[in-house]
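First comes the structure, then the notes that go with it.
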Amino acid sequence: MCGIIGYVGKSEAAGILINGLKALEYRGYDSAGIAVLDKNRLGVVKAKGEIKCLEEKLKDESPRGNIGIGHTRWATHGAANETNAHPHCAGHFSVVHNGIIENWREIRDGLEMSGVSFESETDTEVIPKLLELNYSGDILEAIRKTLKLLEGSYALGIICSNDARTLYCAKKSSPLIIGLGKGENFISSDINPLLGRANEAVYLEDGETAAITEDSVSVYDPDFNLTEKEKKSISLGAGTAEKGGFEHFMLKEICEQPQVIKNTLDSVTANGGVCFEDFPYTEEEIKALERIYIVGCGSAYHVGLISKYNFEKTAKIPTFAEYAGEFRYADTVLNENCLVIIISQSGETADSLAALKTASESGAKTVSVVNVPESSIAKMSRYSVLTMAGTEIAVATTKAFTCQLAVMNMLCLYIARARGACTEVFSEIAANMSATLPKKAEKIIENTEKIKTLAKEISEVDKCFFLGRNVDYGAALEGALKLKEISYIDCVGYPASELKHGTISLIEKDTVCFGLISNRELLAKTASNLAEVTARGARVTVFAPESLGGELTKIGEVITYPDSIPLLSPCLEVIPLQLLAYYTAKEKNLPIDKPRNLAKSVTVE
Ligand code: M6R
């Protein structure tokens with residue numbers, strides 16, 4: 001949550017900071033601001049709302065200078081207004097911050113008692129105040145003394161009006177990258193703003209601080225000794241974070257699915273079979289596994305839930321899907337015969353990262369499935385499988401979701417084979433997945449007329465139910481989350497069998513219900529549950545594979561997608577649900593890529 005950017009070089013900083021913030025805007029868009037240094041004059045401009053509001057303001061009063069910092073905010077402490085927007089300043093210092101200072105209240109109370117006054121309601125403002133108090137001519141020393149007092153998480157960008165050549169930054173439990181350009185250097189919360197301007201990057205570790213000029217980078221370890229850092233080349237080509245002619249990132253990302261699913265599957269396939277290169281656990285260790293926990297937040301949890309059913313059915317091993325925020329505090333009994341799989345698109349989700357730490361400390365075996373290669377989760381994992389979805393910008397995840405499911409299916413087959421639960425048929429499935437799934441996904445994306453019509457109808461309603469059993473329950477949760485997240489319609493995903501234990505009292509004439517039936521085994525039971533709601537006047541639309549479509553017309557409208565084997569069907573089933581969410585939000589003229597109150601990367605617990 002929140003994005004920070006910093007620049008030092010020869011160009012005017014303001015424009016570069018604004019472009020950088022646009023690339024980071026998906027991390028939060030409650031307010032934004034920049035601070036630019038010209039010799040020793042600090043110019044600060046902030047605005048409530050999206051970056052375009054800040055840009056508008058800068059038309060009248062753009063600060064000049066070749067060094068600066070910028071911030072796009074997802075509010076944690078204090079309302080989304082201009083006063084609470086970053087940068088926060090005190091005396092010589094200006095600071096942008098991503099993270100949470102947990103002991104801010106104590107620090108602030110102490111400072112207030114000694115006469116220091118505050119303007120904002122933020123946790124961040126204590127940082128510039130402390131820097132100024134700790135400053136007696138040595139900026140690094142002021143930073144060192146200040147960081148010692150802070151508890152919590154931070155990625156900080158700092159400038160000081162006494163040094164218009166140096167940009168400072170520090171990191172603890174929030175992501176921060178230093179981008180190395182030609183005669184200019186950057187700091188950023190992620191790689192996107194660096195694309196096309198920096199060829200190499202230095203990834204800071206927790207506890208490290210850096211002093212950056214246009215042609216040098218000095219990194220200090222937690223004891224403030226100079227330390228050598230590896231430079232990594234920036235591999236993503238410029239333009240990956242652009243809309244490419246689509247109206248929204250979300251639609252672009254939905255449409256990219258056939259290709260990225262294929263890329264992902266190919267990356268874990270070799271010689272016609274599943275291949276997780278350098279998988280750290282032996283066949284004996286996999287055979288000895290007693291339980292698997294699949295852990296994630298939001299959509300990543302839904303991938304976990306769908307996979308739980310697949311792992312139990314195919315690999316015959318007790319499997320549990322857990323919300324990361326619950327798992328980390330649940331005292332789950334773990335040992336070396338447990339495998340904990342952490343799923344995260346960003347690789348930065350605070351709860352998922354903490355769950356990984358908990359699992360690793362307990363001695364359990366761990367694997368992560370992430371989409372961002374140098375992310376905290378990827379780096380902390382003993383073994384990390386990379387989904388090949390590419391940069392995902394829309395807050396509502398789509399392509400990362402299906403790529404995660406694709407990896408989890410392969411992992412399921414890999415574990416099943418190692419445990420002897422896998423027959424020849426399963427190897428064939430692995431080999432054919434990459435040939436079949438992408439084409440079928442493409443077919444769904446090419447036929448959206450029925451979905452668009454449905455979207456028009458439901459854009460008028462204020463509540464919807466998504467009902468399914470087993471894997472379809474996971475898909476129901478995902479369909480409901482996708483629709484509510486961007487259309488603001490109150491949606492509930494429910495196990496189809498559970499409705500009559502209370503919730504059915506909400507069903508009345510014309511209540512919109514979506515039934516999900518992804519394979520024949522689930523048909524009869526879910527169909528009966530759907531009949532229970534139609535009997536009470538609900539308007540039901542069923543999403544099902546083509547071969548089942550004809551059997552469902554009595555229940556209601558049917559939207560079909562290509563047939564597949566049960567293991568793979570959910571991967572296709574969610575695509576019409578993504579499209580439904582997209583077109584409904586479009587119908588309502590809502591900010592699809594940046595829904596209210598949300599941020600793409602949730603780096604606070
Ligand atoms: O980056 P992560 O996969 O760890 O993020 C987890 C959730 O925050 C994320 O899936 C969220 O639920 C999406 N916005 C849903 O579309």
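The values are calculated or read from the model by the stated rules, or taken from the named source; none is laboratory data. From a predicted model like this one, the values you see are computed outputs, not experimental measurements. For neighbour counting, all protein chains shown are included, and Cβ atoms are generated from backbone atoms with ideal geometry for every residue, glycine included.
Yes or no: Thr448 more than 16 Å from the ligand (Cβ to nearest atom), modelled with pLDDT of 95 or more and of a type in the set (S, T, N, Q)? For Thr448, the condition - more than 16 Å from the ligand (Cβ to nearest atom), modelled with pLDDT of 95 or more and of a type in the set (S, T, N, Q) - is met.
Yes or no, residue by residue, for (1) more than 16 Å from the ligand (Cβ to nearest atom); (2) of a type in the set (S, T, N, Q); (3) part of a strand (DSSP E or B); (4) surrounded by 16 or more Cβ atoms within 10 Å (Cβ to Cβ):
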| site | (1), (2), (3), (4) |
| --- | --- |
| Lys440 | yes, no, no, yes |
| Ile444 | yes, no, no, yes |
| Glu457 | yes, no, no, no |
| Phe466 | no, no, yes, yes |
| Lys482 | no, no, no, yes |
| Cys491 | no, no, yes, yes |
| Glu498 | yes, no, no, no |
| Ser505 | yes, yes, no, no |
| Lys509 | yes, no, no, no |
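Set side by side, the residues Glu322, Glu247, Glu284, Glu312 differ, and just one is part of a loop (DSSP other than H, G, I, E, B) and among the charged types (D, E, K, R), which is Glu247.
Total residues in the stretch 293-312 satisfying the condition of being among the polar types (S, T, N, Q) and within 8 Å of the ligand (Cβ to nearest atom): the figure is 1. Residues in the stretch 382-405 that are surrounded by 23 or more Cβ atoms within 10 Å (Cβ to Cβ), more than 11 Å from the ligand (Cβ to nearest atom) and over 17 Å from Met433 (Cα atoms): Val385 only. Within the stretch 345-375, being more than 21 Å from Leu405 (Cβ to Cβ) and among the small types (Gly, Ala, Ser) holds for Ala350, Ala354, Ala359, Ser360, Ser362, Gly363, Ala364.
Candidates Thr76, Thr124: the one that is part of a loop (DSSP other than H, G, I, E, B), buried (at least 22 other Cβ atoms within 10 Å of the Cβ) and among the hydroxyl-bearing types (Ser, Thr, Tyr) is Thr124. Exactly one residue out of Glu322, Glu326, Glu348, Glu290 is among the acidic types (Asp, Glu) and away from the ligand (no atom under 16 Å from the Cβ), and it is Glu290. Cβ-Cβ distances below 7 Å connect the following pairs, each with a first residue in the stretch 292-311 that is of a type in the set (D, E, K, R), a second residue that is more than 16 Å from the ligand (Cβ to nearest atom), and a separation of six or more residues or different chains: Lys308/Thr319; Lys308/Phe320. Considering the stretch 351-379, the residues that are within 9 Å of the ligand (Cβ to nearest atom) and of a type outside the set (A, V, I, L, M, F, W, C) include one that is surrounded by the fewest Cβ atoms within 10 Å (Cβ to Cβ), namely Asp351.
Applying the criterion of being touching a strand residue (DSSP E or B) at 6+ places or on another chain (Cβ under 9 Å) and among the hydroxyl-bearing types (Ser, Thr, Tyr) to the residues of the stretch 326-350, the residue that is surrounded by the fewest Cβ atoms within 10 Å (Cβ to Cβ) is Thr332.
Has the stretch 74-82 got at least one residue that is of a type in the set (Ser, Thr, Tyr) and over 32 Å from the mean Cα position of the chain (by Cα)?
no
Of all residues in the stretch 336-345, those being more than 7 Å from the ligand (Cβ to nearest atom) and touching a Gly at 6+ places or on another chain (Cβ under 6 Å) number 1.
Any residue at all in the stretch 150-157 that's of a type in the set (S, T, N, Q), under 26 Å from Ala354 (Cβ atoms) and either assigned to a strand (DSSP E or B) or without any contact (Cβ under 8 Å) to a residue 60 or more places away in the chain (or both)?
Scanning the stretch 150-157, I find no residue that is of a type in the set (S, T, N, Q), under 26 Å from Ala354 (Cβ atoms) and either assigned to a strand (DSSP E or B) or without any contact (Cβ under 8 Å) to a residue 60 or more places away in the chain (or both), so the answer is no.
Contact annotation: residue pairs with Cβ atoms under 9 Å, 6 or more positions apart or on different chains, pairing a residue in the stretch 335-351 that is more than 13 Å from Met380 (Cβ to Cβ) with a partner that is more than 15 Å from the ligand (Cβ to nearest atom) and polar (S, T, N, Q), are Asn335/Ser362; Glu336/Ser362; Cys338/Thr332; Cys338/Ser362; Leu339/Thr366; Ile341/Thr366.
Yes/no per residue for (1) closer than 20 Å to Val574 by Cβ; (2) touching a strand residue (DSSP E or B) at 6+ places or on another chain (Cβ under 9 Å); (3) among the polar types (S, T, N, Q):
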{"position": "Gly363", "(1), (2), (3)": "no, yes, no"}
{"position": "Ser381", "(1), (2), (3)": "no, yes, yes"}
{"position": "Thr398", "(1), (2), (3)": "yes, no, yes"}
{"position": "Ala406", "(1), (2), (3)": "yes, no, no"}
{"position": "Ala430", "(1), (2), (3)": "no, yes, no"}
{"position": "Pro438", "(1), (2), (3)": "yes, no, no"}
{"position": "Glu446", "(1), (2), (3)": "yes, no, no"}
{"position": "Cys464", "(1), (2), (3)": "yes, yes, no"}
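Among the residues making up the stretch 1-31, those that are surrounded by fewer than 24 Cβ atoms within 10 Å (Cβ to Cβ) and outside any helix (DSSP H, G or I) are Gly9, Lys10, Ser11, Glu12, Asp30. Looking across the stretch 568-593 at every residue that is surrounded by fewer than 22 Cβ atoms within 10 Å (Cβ to Cβ) and in contact (Cβ under 8 Å) with a residue 40 or more places away in the chain, the one that is farthest from the ligand (Cβ to nearest atom) is identified as Glu587. Quick one: would you say Lys554 is of a type outside the set (Phe, Trp, Tyr) and more than 16 Å from the ligand (Cβ to nearest atom)? So Lys554 passes the test.
For Glu573, indicate whether it is over 18 Å from Lys450 (Cα atoms), out of contact with any Cys (no Cβ under 8 Å at 6 or more places or on another chain) and in a helix (DSSP H, G or I). Don't jump to the end; show me each part of the working.
Details: over 18 Å from Lys450 (Cα atoms): no; out of contact with any Cys (no Cβ under 8 Å at 6 or more places or on another chain): yes; in a helix (DSSP H, G or I): yes.
No; evaluated as a whole, the condition is false for this residue.
For the residues Ile143, Ile107, Ile69, the requirement of being buried (at least 24 other Cβ atoms within 10 Å of the Cβ) and more than 26 Å from the chain's Cα centre (by Cα) singles out Ile143. Evaluated against (1) within 16 Å of the ligand (Cβ to nearest atom); (2) of a type in the set (Val, Ile, Thr); (3) modelled with pLDDT of 95 or more, Ile261 falls short on exactly one condition, (1).
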